[in-house]
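Structure first, commentary second.
The values are calculated or read from the model by the stated rules, or taken from the named source; none is laboratory data. Source: prediction; values computed, not measured. As a convention, Cβ positions derive from the backbone with ideal geometry for all residues, glycine included, and neighbour counts pool all protein chains shown. Each accessible area value is taken on the protein alone, full model and side chains, heavy atoms only, with ligands, DNA and RNA left out. Shrake-Rupley method; radii C 1.70, N 1.55, O 1.52, S 1.80 Å.
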Amino acid sequence: MNETDSLLMLHRALRNARLGRGLSMTAVATRSRLSRTTVSQAFNSSVPPSEETLAALAPILRLDLETLLTYRRACPGPRSSNSAPVATVKSAGRVPEDDAVFEARYRDYLKTRHGQLTVVGLDLRGPAASSWPLDAAYLSLELADSATQAQRVERAEHALRRNNRLLIRGLAGSGKTTLLQWVACAAADGELLGPNDGPAQPPVAFVLPLRTFARRSEGLPTPQEFLSAVGCPLAGAQPSGWTDRVLDSGRGIVLVDGLDEVPERMRDRTSIWLQELVAAYTRARFVVTTRPTAVAEGWLAASGFRELTVRPMSRDDVTVFVARWHTAAKASTDDSEVQAHLDGLENDLKEQVRAKRDLSLLTTTPLLCALVCALHRDRRGQLPHDRVELYEAALTMFLYRRDHEREVVAPEGFTLSEKESVQLLQRLAYWLIRNGQTEMPHGTAVAIMTDALMSMHAVAQQGDATQLLNHLLTRSGLLRRPTPDTIDFVHRTFQDFLGAKAAVEAHDLPLIARNAHDAQWEDVVRMAVAHAREGERVELLEAILARSHEEEYRKRLALLALACLRHATELPPATREKVEINAGSLLPPQSWTAANELGDIGPLVLDLMPSAVDTPMRHARYSIRTAKTIGGDGALAYLKSFSGTQDLWARAGLCAGWSDFDPDEYVAQVLAAMAGELPNVHLVEDRQIQAIRPLRVTKVTFVGDHTLQAIGRLPHPERIKSLTLQGNGRVAELNQLPTLFPQLEELQLEACRKMRDLAGLETTSVSQLSLIGSTMLRNLGPLKRMNGLRSLRLLDLERLTPGRVPALPQLEWLDVDHGGFLTMLDRWPGLTRLSVQGAGFLRGGNFELPPRLSHLDLWNVELEAACRPWFEGLTQVTDASFGTRSGVVAPLVDYFPQVRSLRIIAIHGSIEVDVRPLLELSELSKLTLDGFTRVIGGEAFAPDVIRIEHS
């Protein structure tokens with residue numbers, strides 16, 4: 001396979017997968033979070049897509065990433081679509097021989113020098129654990145236009161190809177330096193070709209970390225000093241005038257890292273230096289990085305720089321980063337057992353990041369992701385439950401280790417210890433918490449710093465409050481300026497962690513307890529328990545439990561106290577037991593009402609719910625409802641744990657109500673993992689219709705106003721045996737149904753508001769038909785030609801009288817809610833089962849049952865109000881079901897004297913049932929009681945006769 005074939009096969013694989021899934025290019029762009037241009041280039045460009053682009057596309061298109069990467073590696077080297085002919089380059093012809101020889105050495109040096117990704121400040125397992133091969137660990141960043149952040153987002157490599165001058169702002173640890181390393185290595189490999197580059201004149205990168213120049217007595221370097229200024233050992237070997245020729249030809253890429261690491265007094269001088277370089281070398285490319293607040297917006301606008309901001313990592317970015325971190329870790333060892341262990345850690349961490357809010361909120365930058373990966377490995381997969389160790393490790397890295405180990409010395413004029421930084425940040429965080437704010441005015445922050453300096457003499461000697469605040473904004477990595485006049489924390493988690501520490505130190509436990517019901521204080525309460533001493537913990541938890549009389553907040557407070565236990569390293573047994581008893585009856589939920597109430601409490605509940613393994617099967621359906629009500633990544637991970645359940649109600653719950661989740665993810669994580677034939681799969685959105693393509697679906701419910709054409713786009717319609725249309729106001733006729741679903745056996749039309757006629761059904765194989773709430777339906781004539789129809793359900797059909805239902809001698813089961821049907825039972829002589837609903841049925845005269853009927857269902861009927869007997873020959877009924885609102889069951893003895901199997905269901909509300917009167921049923925061999933809060937007299941029946949359920 002030659003190189004051209006590889007690119008063709010890559011494009012063909014992407015195109016076939018997209019068409020096979022029925023996705024438009026826009027849909028692919030939306031789901032992959034790539035720009036429309038990036039997606040178009042991946043499918044059509046002569047330049048192979050990047051590994052990051054393929055990693056984003058593979059899960060959307062259901063393709064194997066390794067196969068795509070194999071194609072890409074065999075592709076020809078990238079050629080820029082806008083590359084100018086060599087003849088148009090100012091320095092026409094090839095690079096001079098001496099320059100070419102030196103550049104080859106220099107490119108090898110760049111790939112070696114910058115080919116390792118190093119996380120400065122992370123040393124959990126020694127220096128080697130903080131460094132990985134760049135090509136394995138690099139993650140493409142998303143950049144947003146600073147002026148239109150919500151509208152224009154693109155991947156970093158594409159921004160670099162389309163812009164000659166970029167100023168990139170990003171928080172500490174957001175990957176700015178790593179991005180420049182990647183650019184240097186990509187240029188050394190002949191990638192990132194610009195309009196002045198070509199095979200004979202490849203780009204040349206110059207990496208200039210400004211922090212090294214702050215200590216340089218000679219000041220900022222001239223182009224001829226670029227290599228010597230950064231300590232490149234090849235500086236003395238460069239040909240005379242080489243740097244000038246590279247930059248003047250437009251092949252140079254000047255990578256200036258860390259404006260924020262230049263002392264403030266030097267930033268104006270740095271601006272002039274950059275402006276002079278740009279003026280001298282107008283065709284060279286420049287990329288400058290800085291933290292957000294170090295320089296004002298538009299700082300380099302006069303020189304034509306476009307400003308972009310590094311966006312927080314998306315959920316998909318985090319997944320890719322975790323995979324690459326572990327891939328890099330495996331590459332550092334030849335031990336197969338260690339590699340297998342790392343595979344297990346990778347999968348476990350992906351699940352934890354998805355399931356645990358604490359981690360998902362924290363892992364928003366490569367630095368924090370690397371910290372989590374390292375801690376997870378160092379603790380052999382056991383991340384700290386109380387979060388304190390995780391946050392403290394992050395604070396140490398942000399506030400001390402990174403600047404110390406990068407030898408960044410007081411760029412803002414301040415040198416603070418980690419303890420001093422924490423104390424100052426605590427004051428800001430606590431003000432925000434006390435005042436219920438997420439941002440504070442800049443003037444208020446300065447006032448807080450002024451107060452702090454009065455008791456911090458060593459810090460006060462280094463500068464005033466405004467300078468101190470600017471230092472924290474620029475160097476802490478935890479503060480930012482969302483507007484010119486306000487300050488906030490980049491992570492709410494750190495605000496709550498630091499603010500809770502300040503509250504405990506200020507003895508403000510009553511304040512915390514008074515606000516414990518507020519969801520915004522949830523993490524503050526938990527972190528306060530973690531920071532507090534034993535006696536303080538008892539005081540705080542007792543104060544929270546003392547509010548249990550507040551009915552509105554009782555459940556939330558009980559569950560919050562329970563959640564706090566995992567942060568309480570020391571606690572008297574009596575207090576722990578009190579907290580556990582107070583919340584014990586709430587989890588897992590044991591009714592639909594309880595499930596909904598817990599769902600309304602929010603994500604806190606997911607942290608406390610018992611696992612699928614520890615949840616009784618009869619309660620699984622309620623736990624699933626709670627998780628779906630809460631939603632989000634944590635809920636998806638929790639629902640996935642139930643994919644192996646065999647409980648029919650739980651399986652049905654997993655297949656319904658999933659429209660709030662990403663459909664592709666839900667199918668891959670939950671539905672695809674369910675063994676056996678899937679229950680009825682509910683579809684609300686068109687995206688769900690295509691997402692179920694990998695599944696073998698035979699039963700499906702369309703919820704909402706889908707057209708018949710949209711329904712016809714269901715993957716593999718020939719497999720569908722059961723179809724339900726629910727709440728549909730667009731489908732009015734069914735003539736196309738036999739063609740769309742040739743194997744259809746069961747059809748239910750529920751609240752189909754425009755359905756008037758059933759023409760077309762007579763040519764189907766439907767044997768079970770349900771018509772519910774379709775108020776415009778009047779004509780059931782086609783039913784008399786449905787010779788295979790065995791079951792018919794007719795409920796809430798306002799315009800349909802019993803007389804319009806044709807005689808169906810082959811019908812075996814009839815389910816109705818109109819008393820008039822009882823006068824016409826002779827039209828359906830083959831009935832073996834009859835289901836009736838509504839109290840009016842039992843107030844009529846005597847009716848004769850069809851001779852073969854042996855199964856009778858009475859729903860929503862109260863027997864004590866009925867006339868007895870209302871049927872002749874009830875002795876023929878051997879199977880019966882009865883739904884009750886009152887729990888009165890004694891009349892059943894008179895109605896069904898020969899019944900053998902009896903099912904009694906509680907309809908709504910909390911009711912109890914006394915089954916002792918049923919002992920008179922001499923033939924009774926199976927009694928099922930479902931949904932009652934209490935069963936009286938059950939012990940009088942043999943264990944193999946009575947069964948109690950809670951569905």
- Under 5 Å, built H, 5+ apart or other chain: amide partners of Phe882: Leu858, Arg903, Ile904, Ile905
- Note on the structure: Residue span Asp914 to Val388: 0.36 nm per residue of separation minus Cα-Cα distance leaves a gain in nm of 184.0 nm
- Task: Note down the nm distance, to one decimal, between modelled labels 7 Å out along Cα→Cβ at Ala104 and at Asp944.
- Result: 8.9 nm
- Task: Please report, to two decimal places, log10 I(q)/I(0) for the stretch 698-811 at q = 0.13, 0.14, 0.20, 0.21 Å⁻¹ as given by the Debye formula with identical point scatterers on the Cα atoms and no solvent.
- Result: -0.43, -0.50, -1.08, -1.20
- Enumerate the whole-percent occupancy of each 5 Å bin, from 0 to the last occupied one, for all C-alpha pair distances of the stretch 3-74. 3, 19, 34, 28, 13, 3, 0
- Full-stretch length increase - Leu8, Ser332 - with 0.36 nm per residue and alpha-carbon distance subtracted: 113.2 nm
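In the calculated pair distance distribution of the stretch 316-384, what percentage of Cα-Cα distances lie above 16 Å? Walk me through the numbers before you get to the answer.
Working: 916 of 2346 pairs.
So the pairs more than 16 Å apart make up 39 percent of the total in the stretch 316-384.
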- Task: Any chance you could give the angle, 0 to 90 degrees and rounded to 10, that helix 366-378 forms with the longest Cα principal axis of the chain?
- Result: 70 degrees
- 1/(1 + (r/R0)^6) with r = Cβ-Cβ of Ile936 and Arg885, R0 = 22 Å, i.e. FRET efficiency to nearest 0.05, evaluates to 0.80
- Query: To the nearest 0.05, how large is the calculated FRET efficiency for Glu718 and Gln467 if R₀ is 60 Å and r is the Cβ-Cβ distance?
  - Reply: 0.25
- Just for the chain, what percent of DSSP beta bridges are antiparallel, to the closest 5? 15 percent
- Message: Could you give the length gained by full extension between Arg900 and Arg492, i.e. 0.36 nm per residue of separation minus their alpha carbon distance, to one decimal place?
- Response: 140.6 nm
- Query: If the cut-off is a Cα-Cα distance under 20 Å, which aspartates and glutamates reach Lys926, setting aside same-chain residues fewer than 8 apart in sequence?
  - Reply: Asp857, Asp879, Asp894, Glu912, Asp914, Glu939, Asp944, Glu949
- Tell me which aspartates and glutamates have Cα within less than 14 Å of Lys111's Cα, excluding those fewer than 8 residues away on the same chain? Glu103, Asp135, Asp189, Glu191
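Over the stretch 316-384, with every protein chain in place, what whole percent of the accessible area is carbon and sulfur at 1.4 Å, could you tell me? Intermediate values should be presented prior to the final figure.
Details: 1270 of 2690 Å².
Carbon and sulfur: 47 percent of the exposed surface of the stretch 316-384.
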- Note on the structure: Scoring only Lys, Arg, Asp and Glu (+1, +1, -1, -1) among other residues with Cβ under 15 Å from the Cβ of Val915 yields -1
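When you count, for each residue, the other Cβ atoms within 10 Å and take the mean per peptide, how do 468-476, 660-668 rank with the highest first? Could you put the intermediate results ahead of the total?
Numbers: 468-476: 23.6, 660-668: 19.1.
Highest to lowest by the protection proxy: 468-476, 660-668.
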- Item | Estimated distance in nm for a label pair at Glu420 and Lys578, the labels positioned 7 Å out from Cα along Cα-to-Cβ | 4.3 nm
- Task: With label points built 7 Å along Cα→Cβ from the Cα atoms of Gln520 and Ala675, find their separation and express it in nm.
- Result: 4.9 nm
- In the structure displayed, which of Lys356/Lys628; Lys176/Lys330; Lys555/Lys578; Lys628/Lys699; Lys419/Lys501; Lys356/Lys640 lie more than 19 Å apart, Cα to Cα? Lys176/Lys330; Lys628/Lys699
- Item | Cα pair distances in the stretch 404-604, grouped into 10 Å bins until the bin that holds the longest one, percent each | 8, 31, 28, 19, 11, 3, 0
- At R0 = 56 Å, FRET efficiency that the Cβ-Cβ distance of Lys926 and Leu69 yields, to 0.05: 0.40
- If the chain were replaced by its equivalent ellipsoid, with semi-axes equal to the square roots of 5 times the Cα gyration tensor eigenvalues, what would those be, largest first, whole Å? 66, 38, 21
- Task: Please name whichever of Thr569, Ser925, Ile581 sits farthest to the positive end of the charge dipole of the chain, dipole taken about the Cα centre and charges placed at Cβ: Lys and Arg +1, Asp and Glu -1.
- Result: Ser925
